[in-house]
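Notes to accompany the following structure.
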Amino acid sequence: MRKILILSREVGYEMEITEVENVPFIPESCFNKKTVEEFFEELKNHDDHFENFAGMRKERGTAQVMATLENGKQE
């Protein structure tokens, strides 16, 4: 998030970190679990999500973090 913020400021946009949208790799429902066991059980509910990621990784050879800045809006 900080890198895209820095780059956006370098090209002239006045932005704050609160304006950067972050889409985490791990599904949000996993973050509010109280134990490690609950966390891993919730991860199992998202096998499709991780299988898609594994397929993209095989295709590209590595995991990638993507960020875009379009019309002054970061994605």
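Against the definition (over 18 Å from MET66 (Cβ atoms) and not polar (S, T, N, Q)), how does GLU21 come out, yes or no?
On the way: over 18 Å from MET66 (Cβ atoms): no; not polar (S, T, N, Q): yes.
Considered against the rule, which asks whether it is over 18 Å from MET66 (Cβ atoms) and not polar (S, T, N, Q), GLU21 comes out as no.
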Notebook entry, point to check: Condition test on SER29, is it in contact with a helix residue (DSSP H, G or I) (Cβ under 7 Å, 6 or more places away or on another chain), of a type in the set (Ser, Thr, Tyr) and at pLDDT 80 or above?
Noted result: yes
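Looking only at the range 17-41, filter to residues that are among the hydroxyl-bearing types (Ser, Thr, Tyr) and more than 30 Å from LEU7 (Cβ to Cβ); which one of those is surrounded by the fewest Cβ atoms within 10 Å (Cβ to Cβ)?
My answer is THR35.
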Next item on the list: Give the residue that is modelled with the highest pLDDT, with candidates limited to residues of the range 42-75 that are within 29 Å of LEU7 (Cβ to Cβ) and among the polar types (S, T, N, Q).
Entry: THR68
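The values are calculated or read from the model by the stated rules, or taken from the named source; none is laboratory data. Treat the numbers as computed from the prediction; the structure is a model and nothing was measured. Note that each Cβ is placed from the backbone with ideal geometry, even for glycine, and that neighbours are counted across all protein chains shown.
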